[in-house]
Every structure is written in C-alpha cells, then in structure tokens.
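Trainee: I am attaching a structure below and will ask some questions about it afterwards.
Only the coordinates and a few stated rules stand behind these numbers; no lab work does. Computed from a predicted structure; not experimentally measured. Glycine gets a Cβ as well: all are built from the backbone with ideal geometry, and neighbour counts include every protein chain shown.
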Amino acid sequence: MESKTSFTTILFDIGGVVIEQSDNSEAIRQRLGLNEEVFRTIWSDAVKKFGSGMMTQDEFWQYFADNGAETVDSSEDLFGTTLEQQLELYPSMIDYIKKLGEYGYRCAVLSDTNEAHANILRQHGVYDPFNDQVFLSHEIAARKPAAKAFTYALEHLNITDPSSVLFVDDRMRNILAAHVLGMQTLHVPGTEKENLALLQNAIAHNQIPAN
C-alpha cells in the first residue's frame with residue numbers, strides 16, 4: 001500500500017476479506033444437472049447479469065432451464081443454501097473492523113454479490129460492523145472493476161477526494177481499478193491472519209492513527 005495522505009474512510013470488499021472466498025458453482029451445477037462444458041459456457045455471463053441487477057432470480061434459473069438444466073424455483077434458495085453450507089466468517093477481521101468504527105474511521109462495503117447471497121450474509125451479521133453504507137453490485141447495478149461501482153460508492157459517501165479512502169480487496173484487478181481513480185489501496189490475498197496484519201499495519205502507518 002502506498003500512502004501519501006491520511007485516509008479516513010475504509011471501503012471493504014467482503015469475499016476473501018471478511019469471509020472466506022467460496023465457490024458454490026459446482027454444487028449448483030450438480031443440482032442443475034448440466035455437464036461442465038455447457039454450465040461453464042453460460043455461468044459467468046449469467047452470474048454477472050444476476051449480480052448487477054440485470055436479471056431477477058427467477059430469470060436467472062429460467063436462463064439455465066432454457067439451456068437444458070433442471071427446473072429450479074427461486075423459493076428453493078439454491079444460491080443461499082449452497083453459500084451457507086460453505087460460509088466461513090473471519091471473526092478476527094470482523095472484530096477489528098468494529099474497533100475501527102469506534103476509533104472514528106468510516107467503514108463501508110463495496111461488494112460484488114447477488115440478492116440471495118446478500119440475504120444470507122445479512123442473516124449472519126456480516127454487514128453489521130460497517131458504520132456507513134453497504135454498496136452491493138445487484139443493488140447499484142455495477143460490478144467491480146467497473147469505475148461506475150467505485151464512483152457510486154464515493155458519491156453516496158459524499159467523498160470528493162478519493163485519496164481519503166483506503167480500498168481493501170483480495171483481487172488485484174479491483175485494486176488496480178481503485179488506484180486509477182485515486183484511492184489508496186490495500187491488496188489482501190492471504191489468510192485471515194495475514195490480511196488482518198496487513199490492515200493493522202496500514203492503520204498504524206496512517207498519518208492520522210486510529211487511536
């Protein structure tokens with residue numbers, strides 16, 4: 001992380017930062033009864049559309065049914081069920097984020113997700129530590145690394161100086177996109193313990209220490 005000015009707002013990704021990054025696509029593929037080649041051909045595009053609010057959950061499952069998949073009703077909550085089976089929170093990171101809010105930092109979320117995933121995370125209190133707003137791709141109609149996702153968050157946080165924001169993410173493409181827009185960035189590609197140490201170090205070297 002390159003720090004030139006002090007940051008007062010921290011914008012967090014969720015998967016790989018606050019919870020373990022999980023991939024429930026294989027469990028979904030098996031439930032849909034599709035072979036891997038067909039599934040992979042349509043999965044990425046469908047997830048992007050669903051995750052940016054361009055598809056409802058019913059439309060998402062119908063898209064697969066139109067390509068030979070078994071019928072899935074949204075009431076089955078296949079996305080939520082498969083995520084919950086794999087969900088692993090990072091308790092040490094969550095506790096530290098709570099402290100950052102108490103210290104006076106503004107903590108917000110910018111996450112690529114979908115309605116079903118977000119509902120499960122809300123039920124488990126994943127978004128609770130964030131003392132400012134939660135920006136989710138399916139609600140703001142933009143996914144990282146698109147500039148629109150970042151500028152939406154900045155505008156709704158009333159931030160005019162992007163360098164006053166530290167953006168924390170596990171994916172380098174998102175880190176690079178935030179850097180281009182003038183944000184300070186922290187890449188956290190490791191374990192919970194490693195990532196927590198990186199964040200604590202960034203806070204310790206901030207020009208306005210948390211405490």
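Trainee: With a Förster radius of 30 Å, plug the Cβ-Cβ distance of residue 62 and residue 119 into 1/(1 + (r/R0)^6) and report the FRET value to the nearest 0.05. Please report the intermediate quantities before stating the final value.
Mentor: Numbers: r = 20 Å, r/R0 = 0.66.
Once rounded, the FRET efficiency stands at 0.90.
Trainee: Give the order of 127, 103, 90 when sorted by the count of other beta carbons within 10 angstrom, beginning with the fewest. Don't skip to the answer; put the middle values down first.
Mentor: Working: 127 17, 103 13, 90 21.
Ranked by crowding around the Cβ, least crowded first: 103, 127, 90.
Trainee: Using Cβ counts within 10 Å as a stand-in for footprinting exposure, how do 179, 117 rank, fewest first? Don't skip to the answer; put the middle values down first.
Mentor: Numbers: 179 15, 117 25.
In increasing order of surrounding Cβ atoms, one gets 179, 117.
Trainee: If you place +1 on the Cβ of every Lys and Arg, -1 on the Cβ of every Asp and Glu, and leave all else neutral, what size is the dipole of the chain about its Cα centre, to the nearest 20 Debye?
Mentor: Working: 16 positive and 30 negative charges, 167 e Å.
Dipole magnitude for the chain comes out near 800 debye.
Trainee: Using the Kirkwood radius over Cα pairs, work out the Stokes-Einstein diffusion coefficient for the chain at 20 °C and 1.002 mPa s, in µm²/s as a whole number. Provide the component values of the computation, followed by the final result.
Mentor: Working: Rh = 18.0 Å.
My calculation gives 119 µm²/s for D.
Trainee: Continuing with this model, one more query. Quick one: Karplus J couplings for region 152-163, per residue in order, coefficients 6.51, -1.76, 1.60, θ = phi - 60°, nearest Hz, x for Gly and Pro?
Mentor: Once rounded to whole Hz, the list reads 4, 4, 4, 5, 7, 8, 6, 9, 9, 10, x, 5.
Trainee: Relative to the longest principal axis of the chain, what angle (0 to 90°, nearest 10) does the C-alpha long axis of helix 192-204 take?
Mentor: So the inclination is approximately 30 degrees.
Trainee: Here's something else I'd like to know. Hey, if you drop one equal point scatterer on each alpha-carbon of region 1-119 and run the Debye formula without solvent, what base-10 log of I(q)/I(0) do you get at q = 0.11, 0.15, 0.23, 0.24 Å⁻¹?
Mentor: Treating every Cα as an identical point scatterer, log10 I(q)/I(0) equals -0.48, -0.76, -1.36, -1.45.
Trainee: With label points built 7 Å along Cα→Cβ from the Cα atoms of residue 77 and residue 25, find their separation and express it in nm.
Mentor: Inter-label distance under the simple model: 2.5 nm.
Trainee: State the extension gain, in nm to one decimal, for the chain segment bounded by residue 156 and residue 86, taking 0.36 nm per residue of separation less the distance between their alpha-carbons. If you can, show how the numbers build up before the last one.
Mentor: Details: separation 70, 0.36 × 70 = 25.20 nm, distance 3.19 nm.
Stretched out fully, the residue 156 to residue 86 stretch lengthens by 22.0 nm.
Trainee: While we're looking at this one, here's another question. Got a sec to turn the phi values of region 166-174 into Karplus ³J(HN,Hα) couplings, 6.51 cos²θ - 1.76 cosθ + 1.60 with θ = phi - 60°, whole Hz, x for Gly and Pro?
Mentor: Result, ordered by residue: 9, 9, 10, 8, 8, 10, 5, 4, 6 Hz.
Trainee: Tabulate in residue order the Karplus-calculated ³J(HN,Hα) for region 41-48, using 6.51 cos²θ - 1.76 cosθ + 1.60 with θ = phi - 60°, rounded to whole Hz; enter x for Gly and Pro.
Mentor: Running phi through 6.51 cos²θ - 1.76 cosθ + 1.60 with θ = phi - 60° gives 5, 10, 4, 4, 5, 5, 5, 4 Hz.
Trainee: Quick query: amide H of residue 167 versus all other amide H atoms, modeled in the peptide plane; which residues come in under 5 Å with a sequence gap of 5 or more or a different chain?
Mentor: Placed amide hydrogens put 11, 184, 185, 186 under 5 Å from residue 167.
Trainee: How much of the DSSP beta bridge set in the chain is antiparallel, as a percent to the nearest 5?
Mentor: Working: 1 of 17 bridges.
Of those bridges, close to 5 percent are antiparallel.
Trainee: Which order do 79, 64 fall in if you start with the one that has the fewest other Cβ atoms within 10 Å? All intermediate terms of the calculation are to be shown ahead of the outcome.
Mentor: On the way: 79 25, 64 22.
By the 10 Å Cβ count, ascending, the order reads 64, 79.
Trainee: Counting pairs of Cα atoms in region 25-86, how many percent are more than 13 Å apart?
Mentor: Every Cα pair in region 25-86 considered, those over 13 Å come to 60 percent.
Trainee: Which cross-chain or sequence-distant (5 or more) residues have an amide H under 5 Å from the amide H of residue 107, H modelled 1.01 Å from N in plane?
Mentor: HN-HN under 5 Å from residue 107: 10, 131, 132.
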